[in-house]
Amino acid sequence: MNTLDFARLQFAVTTLFHFIFVPMSIGLALFVAICQTRWYLSGDETWLRATRFWGKFLLISMAIGVVTGIVQEFQFGMNWSLYSRYVGDIFGAPLAMEGLIAFFMESTFVGLWIFGWGRLPRKWHLASIWLVAIGTVLSAYFILAANSWMQHPVGYEINHATGHAQLTNIFSVLFNSTVLLAFPHTILGAFTTGGMLVVAVSAFLWLRGNRNAVITRSMRLALPFTLAAVLATMAFGDGQGRLMVDQQPMKMAAAEAVCNSGHGQSFSIFSVAGFTTNPCPNNITSIRIPHLLSLIEDLSWGGNIRGIDQIQAAERKQFGPGNYVPPVGVEYWSFRLMIGAGVLMMVISLGGIWLERRRRLEVSRRFQRLALLGLVLPILANWTGWIFTEVGRQPWVVFGLLKTSQANSPNVGTGDIVFTLAGYIVLYGVLIAIGAWLMLKEAKHGPEPDPGDQGAGEQPPNAPHSELVLAY
Amino acid sequence: MHPDPTFLQVLWFVLIGVLWAGYFILEGFDFGVGMLVKLLARDRVDTRMIIHTIGPVWDGNEVWLLVAGGATFAAFPGWYAAAFSGFYLALFLVLAALILRGVSFEFWGKHDSAGWRATWEWVVAISSAVAALLFGVAWANFIHGVPMGAGNVVHASLWDLLHPYALLGGLVTLSLFLTHGANFLALRVSGELHERARVLSTRVEPLAALLAVAFMIWTIAQQSGRGGVLVLAILTALAALAIPFARRAGEGVAFALTSAVITLLTVTFFVTLYPNALPSTTGRAFDLTLSAASSSHYTLVVMTIVSVIFVPIVLLYQGWTYWVFRHRLGRDDYEGPLNPIAVAERKFGGSA
């Protein structure tokens, strides 16, 4: 591995770690806001206890998401200074807007929400959690607009004096066709993540014999919430795939392991290939279903699908000599894992709703055990989605404009990167261990007991555990 | 040679200066309060009170740094790229300190064991001190200049950044933020803790004042012949010398004065930098000027419009947060049920 590989590995490690907690926080913020709204509207204290219970998970997740986000803001300059110079005129703007418009909002109002219980009028306190939720969503929009520009650069020109890309139209960047699909796909994936976490923790509590009313309420709200979110995520993902055929054909061809262009293309359901960047066409073995890919991508029996070799030839003609094929194996499998995880989450939420209608949800231990998968499936889907979209853009860091190999900092050596990478891994490892342990502890403890419940006497609200209230 | 900076480039240089000043004033007392967790707290109630004085606001305060970084990226990408890659390991240490500090507040109260709490108290105190020190080291290096050659690439190891002038700068921010934090705490708590904060402040502030004066004298010597730097450095030194006397005029005045010194210090940094974004010690020809580091006119116009709309809104709601949490915290708030929701209910009569 060379310096560039370590720099890339560092970006992947820090971003994937950050990306465990970001979708979780976005999804939970919305879920908590809905719970608190229902309490505000109905006065039913079960919703209040639900708000406080899920609020704890939100705060643990947000704390880790926020601190690891600082690294995200700065590492472009640290490891990718040539990239930063090249794109700063364009990429910096949405990043600065994210800070000014979204970060200030979510971090200020989360403080108001934590410490404002009983201090703020109820209405304003409710507004605080909604502003946190809106802030997290806005933040996602800006960072995805920045990322979409890397996938599909628009609204720019190349300044011939500096050789750098220069912004010509901010609206083209903010309303890039790529972000208009990437944003709903990602944000709905985040809602799915939050919903799935609620389903999984609720199932965990039922399995432990906890029959708190908060759990039933949460489950009943989270199942349709998750189902709607995951279905919409898929719909927008499908749209992204179609757009990608035009904007980044190579990414899509790699995802489907299509080596050669052709009509009536078959769909690969299982492939093994040598772990070279481009295993086409001799180094790949697939089990394929005839015509299916043409049906999916082109909605026709004999539709033409472009293959890796032809796209490589076309891009070579367009961009000059070089290899334009991303690691096909990574693309193929990350794409399938993402979709597979999405389908499983759909099945779990759909199954839960079906059981609920037959009044068997609370007793079906089989469902509850299956729902525990909800702890890992959304993370798997989010991770593979990110890997798919970023690895699939290679060898480019900005598609068609700047190669990743020309983007890293020339003055940062392998030793520096390995040292900081080790530092991040240790630091983040500690954070994730503690975060997971605290969440498990909160989950085991469960929501505050129902009023009049037998257990309530043993554990008054202000027992030692009340240390673990929302505020620290 | 690059032309003089344009109006918008100067405006953005000033705005980034405002963001840094805001950051140092706000997170300056957060850092100070963080150190005081270990210096002043005698028991768990004290610790809780100290943490709660910044609990609702520290996260929002930290965003000033993120926005200063983002604004630098957007307005002066050359500056962002040169400085952040050039200060690689130093910046990593700052990030590690900020990460540990941020989660400490959250983790501290989440598990009921004395060892657990003691661990995070130490982490808060040490990471606050390290960050406070390193920001001074970084800024002293910015104005001192760094070994930067062709293509605005900085070649400096971590040790190159730790020269005596930079270390003095670090000690200035460390002592100044500690004093500032003690002044803040004195305003925000009552009782015995209030008294201890006041005493600590009176002990630390002469040191902070002397270090600041020494640092300003050294800066004037280093930047000899520059009128603007001379004026600002003298003003900063005079303000710093007044710190030990401000208390007589009241605690609010003492806090306002440490805020003013921090502001003047930041202004001194920026006046010293101008018209460069990052001076080079390799040779004047390699200085990274603002105009060379800058984004296009169009991007600066876009960012100016966005800032004109959103900066006042941010200032309003952040200001409002301080208003909401303006009440002094006392020990009686924390005795009995150690539950801040109950505390708030008791004190303000609101229902949860």
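Here, each number is a calculation from the coordinates, and none is a lab measurement. Everything quoted here is computed from the prediction, not taken from an experiment. In this analysis, Cβ positions are derived from the backbone assuming ideal geometry, glycine residues included, and neighbour counts consider all displayed protein chains.
Please compute the length gained on full extension between A:Asn323 and A:Phe175, using 0.36 nm multiplied by the number of residues separating them and subtracting their Cα-Cα distance. Present the calculation step by step, with values, prior to reporting the outcome.
Working: separation 148, 0.36 × 148 = 53.28 nm, distance 3.06 nm.
Additional length available on full extension: 50.2 nm.
Rounded if a/c is under 1.5, else prolate if a/b is larger than b/c, else oblate: which is region B:95-182, with a ≥ b ≥ c the root eigenvalues of its Cα gyration tensor? Can you show the working numbers first?
Details: a/c = 3.62, a/b = 2.14, b/c = 1.69.
Taking the square roots of the gyration eigenvalues as a ≥ b ≥ c, region B:95-182 is prolate.
Ranked by Cβ crowding within 10 angstrom, fewest neighbours first, how are B:Ile313, A:Ile64 ordered?
Numbers: B:Ile313 13, A:Ile64 28.
The fewest-first ordering by Cβ neighbours comes to B:Ile313, A:Ile64.
To the nearest 0.05, what FRET efficiency results for B:Leu230 and B:Tyr298 with a Förster distance of 41 Å applied to their C-beta separation?
Numbers: r = 37 Å, r/R0 = 0.90.
Working from the Cβ atoms, E equals 0.65.
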Looking only at lysines whose Cα falls under 17 Å of A:Lys251's and that sit 8 or more positions away or on another chain, we get A:Lys403
Toy charge model, Lys and Arg Cβ at +1, Asp and Glu Cβ at -1: region B:59-174 dipole around Cα centroid in debye, rounded to 20, equals 100
Charge dipole of the protein assembly as shown built from unit charges on the beta carbon (Lys, Arg +1; Asp, Glu -1), centred at mean Cα; most positive-end Cα among A:Gly302, A:Pro23, A:Tyr156 is A:Pro23
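Would you mind working out the magnitude of the charge dipole of region B:188-323 relative to its Cα centre, with +1 at each Lys and Arg C-beta and -1 at each Asp and Glu C-beta, to the nearest 20 Debye? Show your work: numbers first, answer last.
On the way: 8 positive and 5 negative charges, 34 e Å.
Using Cβ point charges on Lys, Arg, Asp and Glu, region B:188-323 gives about 160 debye.
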Projecting the Cα atoms of A:Gly88, A:Gln72, A:Leu131 onto the charge dipole of region A:1-151, where Lys and Arg contribute +1 and Asp and Glu -1 at Cβ, the residue farthest towards the positive end is A:Leu131
Quick calc, the protein assembly as shown, dipole around Cα centre from Cβ unit charges on Lys, Arg (+) and Asp, Glu (-), nearest 20 debye, gives 1320
Per residue of B:86-94, other chain Cβ atoms within 10 Å number on average 5
So the angle from the long Cα axis of helix B:251-273 to the longest Cα principal axis of chain B, reported in degrees to the nearest 10, equals 20
Residue span A:Val376 to A:Gln310: 0.36 nm per residue of separation minus Cα-Cα distance leaves a gain in nm of 20.0 nm
Using eta = 1.567 mPa s and T = 4 °C, Stokes-Einstein with Kirkwood Rh from Cα pairs puts D for chain B, in µm² s⁻¹, at 61
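Could you please rank B:Ile309, B:Ile143, B:Ile262, placing first whichever residue has the fewest other Cβ atoms within 10 Å of its Cβ?
Starting with the residue having the fewest Cβ neighbours, the order is B:Ile309, B:Ile143, B:Ile262.
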Averaged over the residues of B:50-60, the number of partner chain Cβ atoms within 10 Å of each residue's own Cβ comes to 5
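Once you have a ≥ b ≥ c as the square roots of the Cα gyration tensor eigenvalues for region B:1-95, tell me rounded if a/c is under 1.5, and otherwise prolate or oblate according to whether a/b is larger than b/c. Before the final figure, lay out each step's value.
Details: a/c = 3.75, a/b = 2.33, b/c = 1.61.
It is prolate, given that a/c is not under 1.5 and a/b is the larger ratio.
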Quick calc, B:Val14 & B:Leu162: beta-carbon distance into FRET formula, R0 25 Å, rounding 0.05, result 0.25
For A:241-248, B:221-228, B:67-74, B:315-322, ranked highest to lowest by mean beta-carbon neighbours within 10 Å, the order is B:67-74, A:241-248, B:315-322, B:221-228
One would report the Cα pair-distance distribution of region B:217-263, bin width 5 Å, in %, as 5, 23, 24, 17, 13, 10, 6, 2
Region B:200-297, Kirkwood Rh and Cα Rg, ratio Rg/Rh at 1.10
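If we count other beta carbons within 10 Å of each Cβ, what is the order of A:Ser202, A:Ser268, A:Ser177, A:Ser25, fewest first? Mind showing how you got there, number by number?
On the way: A:Ser202 32, A:Ser268 20, A:Ser177 15, A:Ser25 29.
If I rank by nearby Cβ atoms, fewest first, I get A:Ser177, A:Ser268, A:Ser25, A:Ser202.
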Amide H neighbours of A:Arg119 at under 5 Å, excluding residues fewer than 5 places away on the same chain, with H built from the backbone geometry, are none
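How far, in nm, would the chain grow between B:Trp320 and B:Phe245 when pulled straight, counting 0.36 nm per residue and subtracting the alpha carbon separation? Working shown, then result.
Numbers: separation 75, 0.36 × 75 = 27.00 nm, distance 3.03 nm.
Extra length available between B:Trp320 and B:Phe245 comes to 24.0 nm.
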Any lysines whose Cα falls less than 20 Å from that of B:Lys110, other than same-chain ones fewer than 8 residues away, would be A:Lys56, A:Lys441, A:Lys444, B:Lys38
One finds, for A:Ser300 and A:Val347 with R0 = 30 angstrom and r their Cβ-Cβ distance, a FRET efficiency to the nearest 0.05 of 0.55
Kirkwood radius from Cα pairs of the protein assembly as shown plugged into Stokes-Einstein at 37 °C, 0.692 mPa s, gives D in µm²/s equal to 117
Cα convex hull volume per residue for region A:173-219, in Å³, equals 59
Charge dipole of region B:115-274 built from unit charges on the beta carbon (Lys, Arg +1; Asp, Glu -1), centred at mean Cα; most positive-end Cα among B:Ile126, B:Gly181, B:Leu158 is B:Gly181
Hull surface over four for the Cα convex hull of chain A, reported in nm², is 24.6
Ranked output for segments B:284-295, A:26-37 by mean other Cβ atoms within 10 Å, highest leading, reads A:26-37, B:284-295
In Å³ per residue, the alpha-carbon convex hull of region A:313-421 encloses 153
The simple spin-label model distance between B:Leu238 and A:Arg366, using points 7 Å out along Cα→Cβ, in nm, is 8.4
In nm, the gap between the two label points placed 7 Å beyond Cα toward Cβ at B:Ala285 and A:Asp5 is 3.9
For chain B, longest principal axis from Cα atoms; helix B:164-188 axis from its Cα atoms; angle between them, nearest 10 degrees, is 30
Listed by chain and number, the residues whose amide H is under 5 Å from that of A:Val258, excluding neighbours fewer than 5 places away on the same chain and using placed H, are A:Ile308
Rounded to the nearest 10, the angle in degrees between the Cα long axis of helix A:104-115 and the longest principal axis of the Cα atoms of chain A comes to 20
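If N is the number of residues in region A:1-102, what value comes out of its Cα radius of gyration divided by 2.2 N^0.38 Å?
Relative to the rule-of-thumb radius for its length, region A:1-102 sits at 1.45.
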